[in-house]
Amino acid sequence: MTGNRTDAGVDTGIERHEYDVVVIGAGGAGLRAAIAAHDAGARVAIVCKSLLGKAHTVMAEGGIAAAMGNLYADDNWRVHFRDTMRGGKMLNNWRMAQLHAQEAPERVLELEEWGALFDRTADGLISQRDFGGHRYARLAHVGDRTGLEMIRTLQQRAVDLDIDVFMEFTVTELFRDPSTGSGGTGGRISGAFGYWRETGRFVVFESPTVVLATGGIGKSYQVTSNSWEYTGDGHALAMRAGASLINMEFVQFHPTGMVWPPSVKGLLVTESVRGDGGVLKNAEGERFMFDYIPEFFKKETADTIEEAEGWYTDKKNHRRPPELLPRDEVARAINSEIKAGRGSPHGGVYLDIASRRSPDFIRRRLPSMYHQFKELADVDITQEPMEVGPTCHYVMGGVEVDADTEQSIVEGLYAAGEVAGGMHGSNRLGGNSLSDLLVFGRRAGHNAAYHSMRTKQRPTVSAEQVKAASAAALHPFEVEGGENPYTIQTDLQDVMQRLVGIIRTEAELRDSLAEIERLKERAKRLSVEGHRQYNPGWHLALDLANMLVVSECIAKAALERQESRGGHTRDDYPTPDDGWGALNLVLTLPSDSDSVDLKHQPLPVMPDDLKTLFEES
Amino acid sequence: MGYNLKMRVWRGDASGGELGDYNVAVEEGEVVLDAIHRLQATQAGDLAVRWNCKAGKCGSCSAEINGRPRLMCMTRLSDFDESETITVTPMRAFPVIRDLVTDVSYNYEKAKQLPAARLTPRDPDGKRRMKQEDVERGQEFRKCIECFLCQNTCHVVRDHEDNKQAFAGPRFFLRYAELDMHPLDTHDRRALAQEAAGIGMCNITKCCTEVCPEGIKITDNAIIPMKERVVDRKYDPVVWLGEKIFKRSDRGTRSEEHGPA
């Protein structure tokens, strides 16, 4: 692990390091990528904004989706692949969905190898739990703290391998060497620039490859389950380096976030509550999800309470309860109930497991939820229902990558996990995120390492590039009497929540783009107080630029796509459309402009042998 | 429902600092971290504080609230009287970087000294089998969110800076116990727990258990059993003889030294 050197021996302004692979982000994808790159023989650095082991992956609760077949022998990668594609309303990159379904089981077993202690079946195998959109109980889990188990296991593995970690470190720019490479004007990736949060000291990484594993964008919304780190850094870094983003209009609002007290509004309530028997009710006590079964899922969803109840014990002869529809469907249903005036006192609906499962069962299966509600809301979930409502949780969109290698259109730049796009199409199934991190984290790490070792002449970082990056990072200190970054962040969150939320319209999206333009102007005159040492105001000022460009991408793509699909619902175009269903929207940031470009691109076409999987039922 | 909270927050860095007095508008249902954030957003933009999940899951926002080691995100303002002044100071056992942020690298250094899990080979079908009741003991310890409040409160660390060299602290005794109780792990870390980690220096005052936000019974379920196993292997003549005869070299090196048990 690498610490921040503040000793007297370091007196030049800028610290320099050379690696084969620099991984930005230390959540599931970043750690898995670093381990893979290390295993392939590369010199690897992990760079992360927080302390090691604190990344957003710890918030994941439910489990890791993998067709291991431990409980249902009929489960296999084809069924998982089909569920994933249908959950994403067929907009997924089919090849990514295939690789994901095929490789997830081995990635889970690998975690066990490294010390993870999953819950077990009666036969002693890794237990698997039910989740929305998955045909079989498929999520490997540890109670409702699976993400913590995953990150701790990967962290301990990375420490065991003695991989260098730069903690509390933010990357602000990626470098390309214009004298190298083909494919595009800017040349290959040559490194990255950033600062130690602790001292504000600048660092240059020279590396022929960079793996982005920076997670999502949720902090651009007011009500979110995401932490401060989720400012779309990787999305923005990729764009500024010339890479493209796809599917940015698809933002997942998790159906069940806490709604009260205000301090925890948006905090995640795991889908496992529903997987383990919890149901949603409105203020009139009605199980309303039966009223919201869409045509697309009619064949596989129970339409009576009797059938739904039978499913928990006999899956062969019953269809799934509608509470376990994919997240986009459930979030929209809850939204409609609240709008129709059938919400709970604090503007949510009820999630009830208390009347359906024993207190012992609830405490054993859902210990974190029990603790979270008890401590933060004075609610005993074994005795009373929870109040829940939608919360911004995940962005399906991200860096456009090659499905097999995770390389972006920029040579040497890779992306994996939430920051990458394509895998989940228009909507991600619960449990498919943790498996995504492992499968594509490993692939990105491996491929970056190989790429690096094949690079005969290492690209270089020029003095001018470093000078420019350093001037840009220091800019907020030079403005006197400018705007407070916290105020602009709050205003942006308000715009995104109000105008680019679950239900969208053309007029509101146009307004949002105009508002974002105004915020971009204001952000040019940001000023921060204090100095460079551990200064959250300065850090936010730099992150804000990322949040703004990512928000613009979301709003622009949402305005363009005139249909409703997955995590993108247009009030003025309420149904899916086959034409749009064959298109990705691709966003880029031209180097001479601060405004994003959008183009249409046909979706990769699935081979016929896989297509047959969708004809069966 | 809202009111003006009187707060005292430590501001400063390695060279020194002092408590600053603030008045912060707070709302019903808020936690200490909310008040700190509002202070940061409206009055002190450069106030340094670590936080991530704000849900008691990541263990970043550890501090001392009215002298008690706690997570700021899990300390509700309703636990205090509205007229009471809430004082927030950085964890005392670690060097201050700035304001509420401390240098916790001690913990990351200790983590590196611990041999990781090394399991027996997989079953012929490529999977592994363990009983639920056998993994549950380890699972309790793996609930640890690494907030380091136990490390901060442990008087072996807190009151004696020079002990840090020889003492890994409660968080890592948890890890030793977890690996030791792993049904398929092949290492014996008892000698290491005694020598490099200094488990013998712990005199089981249970301060760590009291501050654990995850409610892990660190002392009763991890440290005491681990101490017993360390002692067993050192003094039990049957174990000693067994190891001599069967040469269980895969179980690690045997300690010949007697630590301050």
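The values are calculated or read from the model by the stated rules, or taken from the named source; none is laboratory data. Everything numeric in this text was worked out from a predicted model, so none of it was measured. Because the Cβ atoms are built from the backbone with ideal geometry, glycine has one as well, and the counts that use them run over all protein chains shown. These area figures cover heavy atoms from the full protein model, side chains too; ligands, DNA and RNA do not enter into them. Shrake-Rupley method; radii C 1.70, N 1.55, O 1.52, S 1.80 Å.
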Next item on the list: Quick one: in the stretch A:387-416, of everything that is in a loop (DSSP other than H, G, I, E, B) and among the β-branched types (Val, Ile, Thr), which residue is surrounded by the most Cβ atoms within 10 Å (Cβ to Cβ)?
Entry: A:Val401
Item checked: Residue tally, condition within 30 Å of B:Gln139 (Cβ to Cβ) and either within 11 Å of chain B (Cβ to nearest Cβ) or surrounded by fewer than 19 Cβ atoms within 10 Å (Cβ to Cβ) (or both), over the stretch A:82-126 -> 23
Check: Which of (1) under 15 Å from the mean Cα position of the chain (by Cα); (2) open to solvent by 70 Å² or more (accessible area, probe 1.4 Å) does B:Thr102 not meet, given it meets every other one?
Finding: (2)
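Rundown of residues vs (1) open to solvent by 10 Å² or more (accessible area, probe 1.4 Å); (2) in contact with a helix residue (DSSP H, G or I) (Cβ under 6 Å, 6 or more places away or on another chain); (3) without any contact (Cβ under 8 Å) to a residue 12 or more places away in the chain; (4) outside any strand (DSSP E or B), yes/no style:
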site	(1), (2), (3), (4)
A:Ala331	no, no, no, yes
A:Asn335	yes, no, no, yes
A:Gly343	yes, no, no, yes
A:Gln372	no, no, no, yes
A:Ile381	no, yes, no, yes
Next item on the list: With the condition kept exactly as written, say whether any residue in the stretch A:516-531 is within 14 Å of chain B (Cβ to nearest Cβ), surrounded by fewer than 22 Cβ atoms within 10 Å (Cβ to Cβ) and out of contact with any helix residue (DSSP H, G or I) (no Cβ under 7 Å at 6 or more places or on another chain).
Entry: yes
Note to self: So B:Asp250 passes all but one of these: (1) modelled with pLDDT of 90 or more; (2) open to solvent by 60 Å² or more (accessible area, probe 1.4 Å). Which condition number does it fail?
What the structure shows: (1)
Next item on the list: Could you tell me whether B:Glu18 is assigned by TED's automatic domain parsing to the domain that holds B:Cys150, open to solvent by 30 Å² or more (accessible area, probe 1.4 Å) and either assigned to a loop (DSSP other than H, G, I, E, B) or charged (D, E, K, R) (or both)?
Entry: no
Margin query: I'd like to check which strands (runs of 3 or more DSSP E) are fully inside the stretch A:154-246 and have at least 2 residues that are in contact (Cβ under 8 Å) with a residue 60 or more places away in the chain, on the phi < 0 side of the Ramachandran plot and β-branched (Val, Ile, Thr).
Written below: A:169-177, A:202-206, A:209-212
Checklist line | Residue that is of a type outside the set (Ser, Thr, Tyr), open to solvent by 30 Å² or more (accessible area, probe 1.4 Å) and touching a residue at least 24 places away in the same chain (Cβ under 8 Å), where the choices are A:Arg443, A:Arg428, A:Arg454 | finding: A:Arg443
Next item on the list: Taking only the stretch B:130-142 into account, find how many residues are more than 7 Å from chain A (Cβ to nearest Cβ) and either open to solvent by less than 50 Å² (accessible area, probe 1.4 Å) or assigned to a loop (DSSP other than H, G, I, E, B) (or both).
Entry: 2
Item checked: Hits in the stretch A:242-259 - residues which are over 16 Å from the mean Cα position of the chain (by Cα), surrounded by 24 or more Cβ atoms within 10 Å (Cβ to Cβ) and more than 20 Å from A:Arg327 (Cβ to Cβ) -> A:Ala243
Check: Taking only pairs six or more apart or across chains, which ones have beta-carbon atoms under 6 Å, a first residue in the stretch B:34-58 that is at negative phi, and a second residue that is of a type in the set (Phe, Trp, Tyr)?
Finding: B:Leu39/B:Tyr22; B:Ala41/A:Tyr486; B:Ala48/A:Tyr534
Check: Within the set of pairs 6+ apart or on separate chains, which have a first residue in the stretch A:81-99 that is in contact (Cβ under 8 Å) with a residue 60 or more places away in the chain, a second that is among the hydroxyl-bearing types (Ser, Thr, Tyr), and C-beta atoms under 6 Å apart?
Finding: A:Gly88/A:Ser426; A:Lys89/A:Ser426; A:Leu91/A:Ser426; A:Ala97/A:Thr84
Next item on the list: Would you be able to tell me the number of residues in the stretch A:224-274 that are within 14 Å of chain B (Cβ to nearest Cβ), closer than 30 Å to A:Ser408 by Cα and hydroxyl-bearing (Ser, Thr, Tyr)?
Entry: 5
Item checked: Filtered residue count, the stretch B:111-129, keeping only those that are more than 16 Å from A:Glu110 (Cβ to Cβ), surrounded by 14 or more Cβ atoms within 10 Å (Cβ to Cβ) and at the interface with chain A (Cβ under 7 Å from one of its Cβ atoms) -> 2
Check: Quick one: A:Glu149 ticks every box in (1) under 30 Å from A:Thr199 (Cα atoms); (2) open to solvent by less than 30 Å² (accessible area, probe 1.4 Å); (3) within 8 Å of chain B (Cβ to nearest Cβ) bar one, so which box is it?
Finding: (1)
